[in-house]
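Report on the following structure.
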Amino acid sequence: MRYKGMVIRPPSEAESYILQVTYGCSHNRCTFCPTYLDKPFMMRPAAEVFEDIELAGRTLPTVRRAFLADGNALVLSNRRLLPVLTALRQRFPRLNRIGSYANAPDILGRSHEELVQLRKALLSIIYIGLESGDNVVLERVNKGATVEEMVEAVRRAQDAGMKVSVIGLLGLGGTERSQEHAVATARAIAAMSPRYFSLLTLMVVPGTELWEEERRGDFALPSPLDLLGEMRIVVDHLTDLGGTIFRTNHASNYVALAGILSRDRERLLSAIDDCLGKGPPALRREWMRGL
Ligand code: SF4
């Protein structure tokens, strides 16, 4: 297995075989995102991808899950992706799930039939970074998609039978739009009704445009307790969700929570209130946080 540059995957893919089919992110312009700043987007040569699958099939034959990296492997056409999915199924006989990050245009640019083709080929979970349900915030951070487009992308993926995991980013509205960001994010999640919803907490990283904005005084990150307050607003506004599984288990968060929103909302709120009441000692230490 050979990897180029930093490779990330969602926490829930910790046990998965990670296969790079692309390098970087085809958008790579979000002002807060440091992940692929040093790795320009490119498609990985197909021959190398298939060689890696062969190699991994020999060393990890019992793998049950695979994850396609990097930032949005779904940017590849079905013509390119389907042979990769076939090779994975052939080399890993116990494989029962393949996942990938996706940007909204990667879904919206496909027909229903093309999405179904991918799902039938075992690409059954995708991860979409909503980041914020507030279009003002999305435009400021140059997300490259509107809330409406992302809601539509999630619906279309779900209509094709895929599970969708949606990610929101606490703090992205700064102190200025903290409240709007939290309320609108809850509204977008309610419209999507995804299988999974995770919240991460923004860490402003040197080298990003957002870091420069912060230095100039054009952006201010809410305090840790205010970020937890944002989490409370999001959960408090998610009153009508079905079985969405909510998680804050990413290392960037100050508090790790998990539950099914329709069943555990009150428990989640009271856990957040407990931390808010105890103050900073109840929060994960800064040195323990990570991207
Ligand atoms: S779309 Fe995702 S991976 Fe790409 S720049 Fe934005 S946050 Fe980073």
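Points to keep in mind about this one:
- The range 103-127: number of residues that are within 16 Å of the ligand (Cβ to nearest atom) and touching a helix residue (DSSP H, G or I) at 6+ places or on another chain (Cβ under 6 Å): 5
- Cross-chain or 6+ apart pairs with Cβ under 7 Å, the range 258-279 first and closer than 19 Å to R195 by Cα, then of a type in the set (D, E, K, R): A258/R247; G259/R267
- Residues in the range 208-245 that are small (G, A, S) and at negative phi: A220, S223, G229, G242, G243.
- Within the range 73-92, considering residues that are within 16 Å of the ligand (Cβ to nearest atom) and assigned to a helix (DSSP H, G or I), the one surrounded by the fewest Cβ atoms within 10 Å (Cβ to Cβ): V75
- Strands (runs of 3 or more DSSP E) (entirely within the range 93-196) containing at least 3 residues that are within 29 Å of L221 (Cα to Cα) and open to solvent by less than 20 Å² (accessible area, probe 1.4 Å): 123-131, 163-170
- Residue match in the range 220-235 (condition: farther than 15 Å from G133 by Cα, charged (D, E, K, R) and in contact with a helix residue (DSSP H, G or I) (Cβ under 6 Å, 6 or more places away or on another chain)): yes
- Residue match in the range 55-67 (condition: touching a Leu at 6+ places or on another chain (Cβ under 8 Å), of a type in the set (K, R) and under 25 Å from V166 (Cα atoms)): yes
- Flag if S262 is hydroxyl-bearing (S, T, Y) and at pLDDT below 95: yes
- In the range 50-72, the residues that are open to solvent by 70 Å² or more (accessible area, probe 1.4 Å) reach residues that are within 16 Å of the ligand (Cβ to nearest atom) with C-beta atoms within less than 9 angstrom, at least six apart or across chains, in these pairs: R65/E13; R65/G99.
- Against the test of being open to solvent by 50 Å² or more (accessible area, probe 1.4 Å) and over 25 Å from V7 (Cβ atoms), the options D264, D274 yield a single qualifying residue, D274.
- Matching residues, the range 9-36, being surrounded by 14 or more Cβ atoms within 10 Å (Cβ to Cβ), within 16 Å of the ligand (Cβ to nearest atom), part of a loop (DSSP other than H, G, I, E, B) and in contact (Cβ under 8 Å) with a residue 60 or more places away in the chain: R9, P10, V21, C25, S26, H27, C30, T31, F32, C33, P34, T35
- Residue selected from the range 236-256 under the condition out of contact with any strand residue (DSSP E or B) (no Cβ under 7 Å at 6 or more places or on another chain) and closer than 26 Å to R285 by Cα, by the criterion surrounded by the fewest Cβ atoms within 10 Å (Cβ to Cβ): A256
The values are calculated or read from the model by the stated rules, or taken from the named source; none is laboratory data. Note that the coordinates shown come from a computational prediction; the quantities given were computed from them, not determined experimentally. Ideal geometry is used to build each Cβ from the backbone, glycine not excepted, and the neighbour counts take in all protein chains shown. Keep in mind that these areas ignore ligands, DNA and RNA; they rest on the heavy atoms of the full protein, side chains included. Shrake-Rupley method; radii C 1.70, N 1.55, O 1.52, S 1.80 Å.
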